[in-house]
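Notes for the one structure printed next.
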Amino acid sequence: MTKVNVPSTNATRLLRAEGVDYAEHLYRYEARGGTRVSARELGVDEHAIIKTLVMEDQDRKPLVVLMHGDREVSTRALARALGLRSVEPCKPEVADRHSGYQVGGTSPFGTRKPMPVYAEASLFALPRIYINGGSRGFLVSMAPAELARVLKPVEVSVAIEAPSAKP
């Protein structure tokens, strides 16, 4: 049996330090494949894959939004829920600077800068979630309660149906 090298990242170091019960999952990363690829590679429902999105408000203050892989964030609804004029996704290089991770490998755990975290409320109804572990092609799975305990996110309801990306 071949030993697989699982990356040690800021995210996994934080999870271990917090005593989080999690499992590690490696998969073959595909550029621009998104959560559809990770769900396919791991054999799990894309709805249980949670994407970590780095966004900015109208004053360029960063924030993190956690969303189901098969849904998108209504930035209009998010801004309204937060009492802001606007919220928009960061450019990849800006997101990298804020988080300390590369886009495609962004974890909400162990970010370079502390940022407020907002999570789609419905993800807490899932029995288990899969979220980036801090490297491309590397997810960690855990009970949503563990994510809530460590990140203390604000729950929001800002999901919209993602356009079908079927080939």
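All of the numbers you see were taken from the coordinates with simple rules; none came from a lab. No experiment lies behind these values; they were computed from the predicted model shown. Positions of Cβ are generated from backbone atoms using ideal geometry, with glycine treated the same way; all protein chains shown enter the neighbour counts.
Given an 8 Å cut-off on Cα distances and at least 6 residues of separation, report the relative contact order of segment 68-166 as a percent. Each step should come with its number before you reach the end.
Details: 135 pairs, mean separation 32.0, N = 99.
Rounded, it is 32 percent for segment 68-166.
Please give, to one decimal in nm, the separation of the simple spin-label points placed at ALA77 and ARG40, each 7 Å out from Cα toward the Cβ.
In this crude label model, ALA77 to ARG40 measures out at 2.7 nm.
Using the 10 angstrom Cβ neighbour count as an exposure proxy, how do TYR27, TYR118 rank, fewest first?
Numbers: TYR27 18, TYR118 23.
Ascending Cβ contact count within 10 Å gives the list TYR27, TYR118.
Roughly speaking, what is the stretch gain from LYS113 to ARG28, that is 0.36 nm per residue apart minus the C-alpha to C-alpha distance, in nm to one decimal?
Full extension from LYS113 to ARG28 adds 27.8 nm.
What's the exposure ranking of MET67, MET142, going from fewest to most Cβ atoms within 10 Å? Each step should come with its number before you reach the end.
Details: MET67 25, MET142 18.
Going from least to most buried by this count: MET142, MET67.
Determine the dipole magnitude for the chain: charges of +1 sit on the beta-carbon of Lys and Arg, -1 on that of Asp and Glu, nothing else is charged, the reference point is the Cα centre, and the result goes in debye to the nearest 20. Kindly include the intermediate steps, with their values, before the conclusion.
Values: 23 positive and 19 negative charges, 73 e Å.
Rounded to the nearest 20 debye, it is 360 debye.
Per 10 Å bin, what is the whole-percent P(r) computed from every C-alpha pair distance within segment 1-87?
Over segment 1-87, the share of Cα pairs per 10 Å bin runs 14, 33, 34, 17, 2, 0 percent.
Suppose R0 equals 22 Å. What FRET efficiency, 1/(1 + (r/R0)^6) with r the Cβ-Cβ distance, do ARG149 and ARG97 give to the nearest 0.05? Walk me through the numbers before you get to the answer.
On the way: r = 28 Å, r/R0 = 1.25.
So the FRET efficiency works out to roughly 0.20.
So if we plug the beta-carbon distance of LEU126 and GLN58 into 1/(1 + (r/R0)^6) with R0 = 41 Å, what FRET efficiency do we get, rounded to 0.05? Don't jump to the answer; show the numbers that get you there.
Working: r = 32 Å, r/R0 = 0.78.
Calculated transfer efficiency: 0.80.
Going by a ≥ b ≥ c, the root eigenvalues of the Cα gyration tensor, does segment 100-167 fall in the rounded group (a/c under 1.5), the prolate group (a/b larger than b/c) or the oblate group? Don't skip to the end; give the middle numbers.
Numbers: a/c = 1.44, a/b = 1.07, b/c = 1.34.
Rounded, because the longest to shortest axis ratio a/c is under 1.5.
Test of understanding: ordering LYS152, LYS61, LYS51 by Cβ neighbours within 10 Å, fewest first, what list do you get? Don't skip to the end; give the middle numbers.
Numbers: LYS152 10, LYS61 13, LYS51 22.
Neighbour counts put them in this order, fewest first: LYS152, LYS61, LYS51.
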